[in-house]
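Each remark here refers to the structure printed beneath this line.
The values are calculated or read from the model by the stated rules, or taken from the named source; none is laboratory data. Fair warning: this is a prediction, and the values are worked out from it, not measured in the lab. Neighbour counts are summed over all protein chains in view; Cβ atoms, including those assigned to glycine, are modelled from backbone coordinates with ideal geometry.
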């Protein structure tokens with residue numbers, strides 16, 4: 001999905017232009033997120049522009065180098081807890097007509113409202129320089145996330161966790177999927193998924209309980225996925 005601005009002319013001047021905005025992010029870490037892009041040809045081609053400053057990365061750049069849903073582009077991902085300002089140096093684009101967009105990607109197909117993250121918000125978008133533009137007119141363009149081309153399962157997030165953590169995985173084809181949680185002795189404690197699923201991106205949550213609904217104690221647990229011929233096991237830490 002994209003939020004796309006109108007086209008603006010950055011006249012050459014002695015005061016370099018700067019793009020400013022306020023950003024609020026609440027997404028699945030390294031799976032969902034956003035970045036900012038610029039076009040100098042009316043939107044035919046886009047280039048990712050990295051912030052020159054944010055409180056998260058004072059030295060510039062995004063905090064993550066890879067977000068799966070963008071696909072595999074840098075950007076903001078995870079949860080920051082509050083609005084933060086972001087500034088982008090536009091001095092390289094003086095004398096050009098430019099268009100901006102915020103690109104947002106999500107791998108989530110979980111429609112349970114209690115398990116959905118809030119997403120990304122942007123506000124107070126301004127270009128400052130010889131001319132100052134308040135960017136209030138945008139077009140929203142929805143795009144579909146491409147089906148994955150390979151099997152994968154991500155590290156759970158958050159980790160360590162309490163009381164709940166998310167596990168994301170992807171299937172390139174329809175598969176018989178089993179996702180189970182074991183304690184360090186190898187004892188099965190939770191059966192999260194046991195069904196046939198279509199190709200796509202998936203997210204499941206574990207709340208630290210066993211199959212009987214009993215709370216498990218602090219410790220290291222293993223989660224294992226079996227999907228057709230694909231098998232992976234990862235560790236996670238529950239803290240009470």
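Worth pointing out:
- Test for residue 31: is it in a strand (DSSP E or B) and more than 17 Å from residue 122 (Cβ to Cβ): no
- Residue 8 being in a loop (DSSP other than H, G, I, E, B), touching a residue at least 12 places away in the same chain (Cβ under 8 Å) and surrounded by fewer than 21 Cβ atoms within 10 Å (Cβ to Cβ): no
- Matching residues in segment 179-237 - criterion: being without any contact (Cβ under 8 Å) to a residue 12 or more places away in the chain, closer than 14 Å to residue 151 by Cβ and not in a strand (DSSP E or B): 229
- All positions within segment 11-28 that are surrounded by fewer than 20 Cβ atoms within 10 Å (Cβ to Cβ) and part of a loop (DSSP other than H, G, I, E, B): 11, 12, 13, 14, 15, 16
- Evaluating residue 74 against the criteria (1) surrounded by fewer than 17 Cβ atoms within 10 Å (Cβ to Cβ); (2) under 29 Å from residue 167 (Cα atoms) leaves one unmet condition, (1).
- Within segment 85-98, tally of residues that are buried (at least 16 other Cβ atoms within 10 Å of the Cβ) and under 11 Å from residue 22 (Cβ atoms): 1
- When segment 208-231 is filtered for residues that are surrounded by fewer than 14 Cβ atoms within 10 Å (Cβ to Cβ) and within 23 Å of residue 176 (Cα to Cα), the ones remaining, listed by number, are 211, 228, 229, 231.
- The number of residues in segment 42-69 that are in a loop (DSSP other than H, G, I, E, B) and in contact (Cβ under 8 Å) with a residue 24 or more places away in the chain comes to 12.
- Output for segment 166-207, where each listed residue is buried (at least 19 other Cβ atoms within 10 Å of the Cβ) and at pLDDT below 95: 166, 167, 168, 169, 170, 171, 201, 202, 203, 206
- The set of residues in segment 8-39 that are in contact with a strand residue (DSSP E or B) (Cβ under 7 Å, 6 or more places away or on another chain) and over 21 Å from residue 134 (Cβ atoms) comprises 25, 26, 27, 28, 29, 30, 31, 32, 33, 35.
- Scanning segment 210-227 for residues that are within 27 Å of the chain's Cα centre (by Cα) and closer than 30 Å to residue 198 by Cα yields 221, 222, 223, 224, 225, 226, 227.
- Segment 148-178, residues that are farther than 26 Å from residue 26 by Cβ and part of a strand (DSSP E or B): 175, 176, 177, 178
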